[in-house]
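**Q** Before I ask anything, here is the structure I am working with.
The values are calculated or read from the model by the stated rules, or taken from the named source; none is laboratory data. Everything quoted here is computed from the prediction, not taken from an experiment. Quick reminder, even Gly has a Cβ in these numbers, built from the backbone with ideal geometry, and neighbours come from all protein chains shown. The accessibility values were calculated without ligands, DNA or RNA, using every heavy atom of the protein model including side chains. Shrake-Rupley method; radii C 1.70, N 1.55, O 1.52, S 1.80 Å.
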Amino acid sequence: MSTVSPGPRTTPRRIRHSEGGGALGFFETQADVRAFTRARLFEPGARTPVAVRFSRTLGFLGGPDSWRDVRGFAVKFFTPDGEYDLVGNNSPVFFLRDDAKFASLVRAQDLVSDENLYHHERLWDFYTRTPQTAHQVTWLLADRGIPASWRHLDGFGVHTFAWRNEQGERFWVRYHLRTDQGHRWLSEREAAGIPQAEVDYYRDDLRAAIEGGDEPAWTVFVQIMAEGDARACAFDPFDATKVWPKSGCPLRRIGRLVLDRLPDDEQADIEGVGFSPTNLVPGIEPSPDPLLRARSVGYPFFSEHRVGRRPTEPVTDWPVAPRTWPTDDFGQAGAFVRDVLDDAARARLAATIAAHLRPVSDAGLIVRALGYWHAVDPALSRSVAAELTSQRHSAAS
Ligand code: HEM
């Protein structure tokens, strides 16, 4: 059934998420969600073959896996109705809610070419001038910023999508793929200890697990919101920098994704695959999420350019949000710090933020960064300032 193009020996590099790898397996629906979607892959008991590609967002082909970075978690479902792609990440939010500043984000994150290092001044200048980045940056600098392996991270669709049932009713949906292997991450020190030569650290780990019969799996949950309930939301449910608090919208377990097969040909089966959020099937549709809309314009071209295969035609009738919401860039980031992290995790976060601020020599930028973290959480900002002072002292002594 696979319609994956038999890519050439070395598939052209992705301009984002170029470093990655993956495996094959299946998704099994283990709940009855027909009241919400007519998508056949979500029929009770349906088992759908999948290809999954994990990736680093930044950096270069052949770069070390163990850098602090957002990880891509892209799933292609080979359904009876065609390919359905969920092109997500290992954090539930993204840096931006629309593409207005995407090019500036890419530039700020670009590595300093000859040193393959972040340009910290440029990065913090962008973050501190772009408050909507706060939630994602908090996730990135917290423990999960360096997963111990692809098997120990969660996947998230990040965007709100739409499900439509046989009666034509529409529901807003968010996806969560929770690792059954448990969350494990590397500290900055552990990550720095991994020899640069071990560039395939994650790929080797996945290969060894599957070859050893220890098939990694993720339990898949969705949060479902009735179409009409969006208007009453206190936050913008179509904003990719926001999560949907579980208190208001509980997780529903819908099934399990298992990776039980290594690709026969990594180039053809994984690297040569084009993922696109426009690859949708009947019963699954886009939402008024402006960032999803922007992606849906770009990805078909990226794939066509890279693997010569154009996914399904972009969506034309784009749904419109029922209202607008006041922007609150720091509220959810603060709630994550105060309500999700424990004291030890908060202390590690403060130390990591300070370590990433230490290369910044511009005092004005440091003041702006401490203001950015004060807006997230005043106590965190104070810990960062204290950490920065002590780290600089110990570096100087
Ligand atoms: C306007 C915003 C965005 C732009 C312009 C963009 C651009 C790109 C490009 C050019 C690629 C390489 C595609 C290819 O060569 O096949 C890519 C890959 C990827 N992007 Fe984005 N991206 C955006 C937002 C996002 C967001 C919000 C997410 C997560 C929810 C995301 C997740 C990924 C993943 C997982 C891949 C790798 C897919 C694979 O393994 O082939 N991107 N992106």
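**Q** So for the chain, taking the charge dipole from beta-carbon charges (+1 Lys/Arg, -1 Asp/Glu), which of Gly72, Tyr175, Ile210 sits furthest toward the positive end?
**A** Projecting each Cα onto the dipole axis, the largest value belongs to Tyr175.
**Q** Among Ala363, Val137, Pro322, flag the residue with its Cα farthest along the positive direction of the charge dipole of the chain, charges on Cβ as +1 for Lys/Arg and -1 for Asp/Glu.
**A** In the chain, that residue is Pro322.
**Q** Sticking with this one: Probe of 1.4 angstrom, ligands and nucleic acids ignored: what's the accessible area per residue over the chain, in square angstrom? Display every interim value, and only then the final one.
**A** Working: 16870 Å² over 397 residues.
Spelled out: the 1.4 Å probe surface of the chain, per residue, equals 43 Å².
**Q** What is the magnitude of the charge dipole of segment 128-237 about its Cα centre, with +1 placed on the Cβ of each Lys and Arg, -1 on the Cβ of each Asp and Glu, and no other charges, expressed in debye to the nearest 20? Working shown, then result.
**A** Values: 12 positive and 17 negative charges, 90 e Å.
So the magnitude is around 440 debye.
**Q** Oh, and also: At R0 = 41 Å, how high is the FRET efficiency between Phe102 and Arg338 if r is their beta carbon distance? Nearest 0.05 is fine. Mind dumping the intermediate values first?
**A** Details: r = 30 Å, r/R0 = 0.72.
Using R0 = 41 Å, I get an efficiency of 0.90.
**Q** Starting from the amide H of Arg34, placed 1.01 Å from N in the peptide plane, find each other amide H under 5 Å away whose residue is 5 or more places distant or on another chain.
**A** Close amide H contacts, sequence-distant or interchain: none at all.
**Q** So if I restrict to the alpha-carbon atoms in segment 243-397, what is the Rg, and what is Dmax, the biggest pairwise distance, in Å?
**A** Cα-based Rg and Dmax for segment 243-397 come out at 22.3, 64 Å.
**Q** List the aspartates and glutamates whose Cα lies under 16 Å from the Cα of Lys242, skipping any in the same chain that are fewer than 8 positions away.
**A** In chain and number order, the partners are Asp98, Asp99, Asp289, Asp328, Asp329, Asp339.
**Q** Once amide H atoms are built 1.01 Å from N in the peptide plane, which residues 5 or more positions from Ile254, or in another chain, come under 5 Å H to H?
**A** Amide H neighbours of Ile254: Val220, Phe221, Val222.
**Q** With the Cα gyration tensor of the chain in hand, give its eigenvalues times 5 under a square root as the equivalent ellipsoid semi-axes, listed largest first in whole angstrom.
**A** Details: eigenvalues 222, 134, 77 Å².
Gyration-tensor ellipsoid for the chain: 33, 26, 20 Å.
**Q** I would also like to ask the following. Please identify the DSSP H helices in the chain that span no less than 24 Å along the helix axis (Cα) and have a mean Kyte-Doolittle hydropathy of -0.5 or more. Can you show the working numbers first?
**A** On the way: long enough: 290-307 (26 Å, -0.18); 378-396 (27 Å, -0.21).
Within the chain the helices that satisfy the rule are 290-307, 378-396.
**Q** How large is the charge dipole for segment 210-311, taken about the Cα centre, if only the Cβ atoms of Lys, Arg (+1) and Asp, Glu (-1) carry charge, to the nearest 20 debye?
**A** Values: 12 positive and 16 negative charges, 118 e Å.
It works out to roughly 560 debye.
**Q** Kindly write out, for segment 321-338 in residue order, the coupling ³J(HN,Hα) from the Karplus curve 6.51 cos²θ - 1.76 cosθ + 1.60 (θ = phi - 60°), rounded to whole Hz, with x marking Gly and Pro.
**A** Ordered by residue, 3J(HN,Hα) equals 5, x, 6, 10, 10, x, 6, 9, 7, 10, x, 6, 4, x, 4, 4, 5, 7 Hz.
**Q** From the residues Thr352, Val376, Ala335, which one has its Cα farthest along the dipole of segment 303-390 in the positive direction, the dipole being from +1 and -1 charges on Cβ of Lys/Arg and Asp/Glu about the Cα centre?
**A** Selected residue: Thr352.
**Q** Treat every Asp and Glu Cβ in the chain as -1 and every Lys and Arg Cβ as +1, leave all other atoms uncharged, and give the resulting dipole magnitude about the Cα centre to the nearest 20 debye.
**A** Working: 48 positive and 53 negative charges, 128 e Å.
The dipole magnitude comes to about 620 debye.
**Q** Summarise the accessible area of the chain (1.4 Å probe, protein heavy atoms) by the percent that is carbon and sulfur. Don't jump to the answer; show the numbers that get you there.
**A** Details: 8900 of 16870 Å².
Percent of accessible area from carbon and sulfur atoms in the chain: 53.
**Q** Which whole-Hz ³J(HN,Hα) couplings does segment 168-175 yield from phi under the Karplus relation 6.51 cos²θ - 1.76 cosθ + 1.60, θ = phi - 60°, glycine and proline marked x?
**A** Listing the rounded values in order: x, 6, 10, 10, 8, 9, 10, 9 Hz.
**Q** Run through segment 168-234 and list the trypsin sites (Lys or Arg not before Pro) located in a DSSP loop whose Cβ has at most 16 other Cβ atoms within 10 Å.
**A** Numbers: sites: Arg170, Arg174, Arg178, Arg184, Arg189, Arg203, Arg207, Arg231; in loops: Arg184.
For trypsin sites (Lys or Arg not before Pro) across segment 168-234 that sit outside H, G, I, E and B with at most 16 neighbouring Cβ atoms in 10 Å, the list reads Arg184.
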